[in-house]
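Heads up, the thing below is written out as structure tokens.
The values are calculated or read from the model by the stated rules, or taken from the named source; none is laboratory data. Everything numeric here is computed off the predicted structure, so don't read it as measured data. Glycine gets a Cβ as well: all are built from the backbone with ideal geometry, and neighbour counts include every protein chain shown. These area figures cover heavy atoms from the full protein model, side chains too; ligands, DNA and RNA do not enter into them. Shrake-Rupley method; radii C 1.70, N 1.55, O 1.52, S 1.80 Å.
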Amino acid sequence: AATVKELYAGKGKYLHQRIQINGWVRTLRSSKTFGFIELNDGTFFSNLQVVFDENLANYKEVSKLITGSAIKVAGQLTESPGAKQPFELKAECIEIEGLSAPDYPLQKKRHTFEYLRTIAHLRSRTNTFSAVFRIRSVAAYAIHKFFQENGFVHVHTPIITGSDAEGAGEMFRLTTLDFDKPPRDEKGAVDFTKDFFGKETNLTVSGQLEAETYCMAFNKVYTFGPTFRAENSNTPRHAAEFWMIEPEIAFAGLRENMNLAEDMLKFIVSYVLENTPAEMQFLNSFVDKSLLERLTNIVKSDFGHLTYSQAVEILKKSGEQFEYPVAWGIDLQTEHERYITEKHFGKPVFVTDYPKEIKAFYMRLNDDGRTVAAMDLLVPGVGELVGGSQREERLDYLSKRMDELGLNKEDYWWYLDLRKYGGVRHAGFGLGFERLIMYLTGMTNIRDVISFPRTPKNAEF
Ligand code: 4AD
Ligand code: MG
């Protein structure tokens, strides 16, 4: 069997040849004597037009096929008289492999994304989701390619961990408790500290701290894995389970970190534009009319840079009525981030040097004593895409900060060891993979860029 991808890539090579294609019926039109099938074989965004007529042995069955049915078609590939496609398949034989039932939930009309979320097991058969999820796959490949070609070592950091990488407490606790006979303390209360075979553990919120340990051995590393946040928030940008790319570089500071993020993002965008042109064209027509222009521009533009304090000044002077009032010290909200990147700059911007109170314990304290060497990358349409920092490599400063925040240093003994045994300046960041896919596709809800979204009360599939 050939694939539709090969037909398109072959540039006429398969014309007038006998081939076989296996796929699923997207649409079917038929009359008494002939019919057309739009067949999608999964290998290529576009469908293949199949023409059949009453000479087929099973013409009756074929002409009544329901959308979604799986078939194998053998026949001649010929030039198509229609303008919509370069070629079509003149069927000589159609074998029905799997019938679809009459209540097939995907109709020819356009369905809303909300409805398609309720049938997440079938939505990848629609044009939009076929485009989104192929782009997701290609983007993941581009990320590995970028890091591997630039000398980074891929580290697999743990999913189950005893540490809280962000110190923010938004963790899913793990349990092996026997709910019928849970361990109890002297007073008879359930002892949750004994939950993972006797140790307190959670699902990781970030692979950063473990990645830092490998950075002190390999110089340049990255992790790319699932992360989990137990935040009970219903927004279009937050999921309880999402994937994160986290590079970490040694003998480097915030400047190198920002350059890395910019180079990486430009590489991914170029790679995806080059390798999924049909999908991009489709999304540009049906999902976001400014998508291609925006993405082509960012590859050429230099990203903006400003400090948190400058951002606050811009927001104060903007004359905008923000829902959340602006003052030095606040955590920037999505509305603020989007104003800065969309209205003020019109391109991706790095905001640096945030107040230490609103950032994680591991960020390096600046000389002013009140800000840290943090960087967030804000992009139009999404807001915060990347969060990162230069790490505090000075053991005394780090210990002091952990004490101030009430963190238990015994839990982080191995992390502190890194500062004791040949610690160096280093920096890194986390790129939210779903936010990246939103940025690359123009989709506006995180539920529509991850195959089976985990958001509050949403774990059916
Ligand atoms: O800013 P965050 O929380 O940073 C960290 O976790 C650092 N440890 C990263 C590092 O320096 N290695 O998260 C990083 C990015 C955010 O910028 C955002 O894109 C994404 O992860 N993100 C989420 N994406 C979807 N749903 C959520 N609940 C997310 N929380 C963060
Ligand atoms: Mg952040």
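Points to keep in mind about this one:
- What the Cβ-Cβ distance of Glu231 and Leu106 gives, at R0 = 51 Å and to the nearest 0.05, is a FRET efficiency of 0.95.
- Overall, region 117-189 carries a charge dipole of about 620 debye about its Cα centre when +1 sits on the Cβ of Lys and Arg and -1 on the Cβ of Asp and Glu, all other atoms neutral.
- Ordered by solvent-accessible area of protein heavy atoms (1.4 Å probe), largest first, the residues Val51, Val190, Val25 come out as Val190, Val51, Val25.
- The separation of region 142-175 from region 235-262, counted between C-alpha centres, amounts to 11 Å.
- The chain - accessible surface per residue (Å², probe 1.4 Å): 49
- Each of Asn458 and Lys32 was given a label point 7 Å from its Cα along the Cα-to-Cβ line. The distance between the two points is 5.1 nm.
- Centre separation in Å (Cα based) which lies between region 354-423 and region 270-286: 38
- Principal-axis tilt of helix 308-317 within the chain, Cα atoms, nearest 10 degrees: 70
- Peptides 275-281, 366-372 ordered by packing proxy, namely the average of other Cβ atoms within 10 Å per residue, highest first: 275-281, 366-372.
- Restricting region 141-232 to chymotrypsin sites (Phe, Trp or Tyr not before Pro) that sit in a DSSP loop and have at most 11 other Cβ atoms within 10 Å of their own Cβ leaves Phe179, Phe197.
- For region 178-320, the square roots of the Cα gyration tensor eigenvalues, ordered a ≥ b ≥ c, give a/c of at least 1.5 with a/b greater than b/c, which places it in the prolate category.
- Around the Cα centre of the chain, unit charges on the Cβ atoms of Lys, Arg, Asp and Glu (plus for the first two, minus for the last two) sum to a dipole of about 1460 debye.
- Thr455 long-range amide H proximity, modeled H, under 5 Å: Ala240
- Spatial extent of region 98-144: Rg and Dmax, with the Cα atoms as the point set, Å: 13.2, 43
- Rounded to the nearest 20 debye, the dipole magnitude of region 207-300 is 280 debye, with +1 charges on Lys and Arg beta carbons, -1 on Asp and Glu beta carbons, and the Cα centre as origin.
- Radius 10 Å from Cβ of Asn22, net charge of other residues (Lys, Arg +1; Asp, Glu -1): -2
- Most simply put, the chain has about 90% antiparallel DSSP beta bridges, counting only bridges with both residues inside it.
- Residue-by-residue Karplus 3J(HN,Hα) for region 383-396, coefficients 6.51, -1.76, 1.60, Hz, glycine and proline x: x, 5, 9, 10, x, x, 5, 7, 8, 6, 9, 8, 4, 5
- The H on the amide N of Gly430, modeled in the peptide plane, is under 5 Å from the matching H of Gly387, Gly388, each at least 5 residues off or on a different chain.
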